[in-house]
Structures are given as C-alpha cells and as structure tokens.
1. What pairs can you find where one residue is in segment B:8-20 and within 21 Å of residue A:112 (Cα to Cα), the other is open to solvent by 40 Å² or more (accessible area, probe 1.4 Å) and in a loop (DSSP other than H, G, I, E, B), and their Cβ atoms are less than 9 Å apart, with a gap of 6+ or different chains?
2. Any idea which of (1) at pLDDT 85 or above; (2) within 14 Å of chain A (Cβ to nearest Cβ) is the one residue B:325 doesn't satisfy?
3. Given the criterion β-branched (Val, Ile, Thr) and within 14 Å of chain A (Cβ to nearest Cβ), identify the matching residue among B:206, B:185, B:219.
4. Look at segment B:131-165 and say how many of its residues are modelled with pLDDT of 75 or more, open to solvent by less than 30 Å² (accessible area, probe 1.4 Å) and over 16 Å from the mean Cα position of the chain (by Cα).
5. Among the residues of segment B:209-225, how many are in contact (Cβ under 8 Å) with a residue 60 or more places away in the chain and surrounded by fewer than 13 Cβ atoms within 10 Å (Cβ to Cβ)?
6. Using beta carbons and a limit of 6 Å, which pairs, at least six apart or on different chains, have the first residue in segment A:106-126 and touching a residue at least 40 places away in the same chain (Cβ under 8 Å) and within 11 Å of another protein chain (Cβ to nearest Cβ) and the second one part of a helix (DSSP H, G or I) and polar (S, T, N, Q)?
7. How many residues does segment A:41-64 hold that are in contact (Cβ under 8 Å) with a residue 40 or more places away in the chain and over 15 Å from residue A:17 (Cα atoms)?
8. Can you tell me which condition residue B:142 does not meet? The list is (1) within 22 Å of residue B:211 (Cα to Cα); (2) in contact with a Phe, Trp or Tyr (Cβ under 7 Å, 6 or more places away or on another chain); (3) hydrophobic (A, V, I, L, M, F, W, C), and all the others hold.
Amino acid sequence: VKEVAMVAAADEEFAEFMRARWPSMVRLAYGLTGDRGHAEDVAQAAFARAYASWSRVQRAGDPDAYVRRIVINENRSRFRKRRVAEYFPGVLPESAAAQGADLSERDDMMAALGRLGARQRAVVVLRYYLGMSEAETAAALNCSVGTVKSQASRALATLRALVTEGELR
Amino acid sequence: MTELRDELTRVLRAVDAGQAPVEETMRLGRVIRTRRRVAIAAGALAVIAAVVGFPALAHHLAGPRVPPVQPKDPVITDTPPAPGASAGTIAQGTIGTRRWHVGLQREGTPPATCLTGAVITPATGATTDLGLACTLPPVDPAFPAGFTSFATSGIEVQLGAVAPNVAYFTLKFTDGQQLKLIPVTSLGHRYIAFVAPVNMPIASLTAHMGSVHSVSGQTVTAIPFSIPGRIPDFQAWQRQGQPLPPRITTPIGSGTVDGKPWQVTAYQGPWGICLVFTGGGECTTGTGAFANRTDVQAWGFQPFVGFGDATADVAYVKLTMPDGSVLPKFTPVKVGNARLFPFAAPGNRTPKRWTAFSASGAQLASGTFQTP
C-alpha cells in the first residue's frame, strides 16, 4: 500500500511538473523543428522519457534542464536515426491565438530559421532563445565550442542576408 | 544580436502550446519503461550466456541464426478487419487459441492518435490491453514502412505506417510461419499491424512494391536483428538480388567493473550493426555507418555499460566521472564503417564528460554525456 501511495504521489508530482513546463518545452521544440506537430511530438516524447525515469530525474535536482536536454536529444535523434518525419493524419488544430496578427511575422521568423540546417538552427535557438553560453550550447549539442562559434556565425550571416534581401516578404 | 534574441523570444512565446497531454504521456512513459526492462533482460541474458560459457545460447540469442524449427511456437494469423469489426481496426487474428485485434483511434485534447487493441483468451475471458501507445509510426519515403512497436505481457505489437508504393508485406518467422500483411486505411493513412509472442524470432519482412490495386514484382526485404525478448527493428531494407552484407559477430570489449564482468558484442549483418551489452542493446540502420557524426559521441548509455563512436582520427577516449575521477582510456574498434568504443563505468553512474585524443596525445574534442 505504501508503494502504491508513493507511485501515486510521484505521478501527481510529474503531472504537475508537466502541466507547468509543457508550454516552454513545446516552444523550445518548435524553435528546433519549425513544425508545430513535430514540436508537440518531440516535447511529449521528452516528457514521456522523463516520466519513465522520473525518480532519476528528481534525483538530478534540475528537472527543467533534464527535460530540456531530452528535447534537444529527441530532436537530434529524429535525424540521427533517419526516422525524421512522423505522420500526422488530419490537420493539427491551431489555436485561435496562433491565428492572430502575429502569424505573418512568426511565419517569417520561422521561415528564416527553416532555411538553416538543423544544427545551425539548434545553435541559434539555444544561444539566442534559451540564452545558453557557447560552452553550454556545445555541451548540449555534443560538439566543440569552435563548432558552436562557426555554426552561429554562419547562421547569423544567413539570417542577416535573408532579412537584407527581403526574401521572406 | 539583441534584436534576434528579442524576436525569437517574441515569436516562440506567441506559440500556444495548448493543454499538456499528461495522461497520454504517462502512458507512453510506462511503455518506454517496459521496453527498457525487456531490453535490459535480453542484454543481461546475452552477456550471462557469453560469460558463463554457453556459446550455443549466445549464438541463439543472435536471432538470425536461430535454428528454423520451433514446434512450440503458436500458430499466428493476421487478416484485415472482418465485416463488423470496430471502426479504426487495422488487423486482427489469432495467436494459438487467443484472438487479437489492433486499431487506431483519436483520443484526448488536443487529439492524439492512439493505438487500441487487445489479446483475448476465449476460454477464460482474460484480456491483455494493447492500447499503450499514442505516437504514430514514423514515415520516411526511403522506407516501405515505419514502425511503432512495444511489448506487453510477453506480446509484441508492431504497427507500421505504409509507404504509398507498397502493395502488401510478407512476414516470415524463423519457425517457417508466414503472414501476408495487407495495408488497411485508417484515419487517412495506410497501416499494417501484427501481434506475436516476444520470444518468437522473425526471419524477415518483405515489402511487395506496387499500389493498392497492382503488384510491380519488385520487392525489398528487411532482415531484423531479432533475439527472443527484444523487439526487432525493421530499419535496413535490401533490394531484390542485392548481395546481403556478411554476418559478423565481434566481441569489441569486455572487462570487470564493480566486481561484475561486462562484455559488448557487435553483430554486423543485413540489419546494420547491433550491439548487445550488459544492460541493453542498440542498433543502427543498414549501411553500417553510424551516420551524421562529425565528432566522437556516445549514446545508448544504460546502467554501467555503454558505447560511443569515434571519427578516424581518434586514437583513444577518456571518460571523466561526476566525482572528477578519470577512467582508463578506451580504444575505438573498427566495426563495419564505424569505430566504436565500448566502456563500463563504476557505481552504475553515467560518466560526465568524454575527451578524445589523437595517437600523439593531442586533445581532439570533448563533450558531456547525453542521458538517458
């Protein structure tokens, strides 16, 4: 009975954590994937992995960082295993808020990000959205700091060129 | 720079993530946990067999070389939904005297596509719920089908999203049984599904190319790395007449950690490269290359044994534990097109960092471990 109670308490704790962090993880995943459907899928897969190891996640002391790391890994593994695309039958519902006046600007920004390679996009999102340092970004993406610098430089040059040339308008 | 940061923040914060799918995620998490336990059991079995000197058992666990007759296997059937089957049903059939059915339905808010199904024992009425997954199979135009799979109560469920240019599949078990899997359209896409005991090895899955109405005569076949207790992956597909890659079994590392022996064995073959090690296993796709790597990396880490791969210029890798201690160096071993370095870490702990060195001792790269 004690064990069952502990499991129930852990489940409730996880549920609370997930409800609180779901929006931020979906946004991060959206920045990485550029696709709302993939973003929700990556975020859900990350939370599912966190739930599967919930006691270890709790022990790690920083569940946010842990899940964020899994989101980044999930996005990387989509490409690594060549199981890149996932099929979503039907049209994923967009909320009313997402259909507002910001949609055009959001599309532009995401279209610009979409012109970048997966790693460059990840570097941009981690560095300029999450505000990670070069070293933290390198650790998160499992590459060298030099790679982060060069990828960020190329990504910014590409974004700058896109904006300057007005290609996205 | 600040502008980009502000713009990104503004754009991403405008994304309405909707309601968190907590229940479905927890259900998916339980599936992952179950799969890990199955993988751990299989990996441990393989290592125990190798360590205590039962090469025949270790050989058996390599799956594709399993002797082709296992009369104890139940008879499996698999058919498209019969008239009167519930909406969304993709396939139904029998496992011996038990009946099974698998389908898809939309659940929750926002709606997710979830597997439904059950295995029913008519004599007792006992039912095993197969509705344990709410993610769809992956689809890649390069593959005839992408699969979502899991195991529960000793039963393996495979749901495949079928490419448009496939007419049907034939699934062969190593005991000689053969199933014809006919794609069925559900929720706007074509799927196949089959259900079998986890300990019943699969010899091959062949896709007969064509369309819903015709067969072109061309086939591609996946030979999975299939061992009892481990769900097979159908990732590497061979064209008709294409010479099959040789099957090579290579122990690539062994030792003792915390007083316990560990061993990692690489199985190369038509399935790609699969590693079986204490605590689990990992496979990669067909060509044998652990692709898209520009650097030394490690992944697939399970409690106390893991592995990584390294680029050609890496002579050895050192691993740093969370307490700052450094493990003795690990040397990559060439397996197919990959260079792999298996390792074991004490205290059931994941190393914190890896550092790769050249033959002259120059540091080439370093990074932190990715978990889980």
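1. Once the first residue is within 21 Å of residue A:112 (Cα to Cα) and sits in segment B:8-20, its partners that are open to solvent by 40 Å² or more (accessible area, probe 1.4 Å) and in a loop (DSSP other than H, G, I, E, B) give B:10/A:102; B:11/A:102; B:14/A:102; B:16/A:94; B:16/A:96.
2. The single condition residue B:325 does not satisfy is (2).
3. Working: B:206 fails: within 14 Å of chain A (Cβ to nearest Cβ); B:219 fails: within 14 Å of chain A (Cβ to nearest Cβ).
Answer to the check: B:185.
4. So the answer is 3.
5. Summing the residues that are in contact (Cβ under 8 Å) with a residue 60 or more places away in the chain and surrounded by fewer than 13 Cβ atoms within 10 Å (Cβ to Cβ) in segment B:209-225 gives 0.
6. From segment A:106-126, the pairs are A:126/A:137.
7. The total comes to 1.
8. Exception for residue B:142: condition (2).
The values are calculated or read from the model by the stated rules, or taken from the named source; none is laboratory data. Nothing here was measured: the structure is a model prediction, and the numbers come from that model. FYI the Cβ positions are ideal-geometry reconstructions off the backbone, even for glycines, and counts take in every protein chain you see. To get the accessible areas, we keep the full protein, side chains included, count just its heavy atoms, and leave off ligands, DNA and RNA. Shrake-Rupley method; radii C 1.70, N 1.55, O 1.52, S 1.80 Å.
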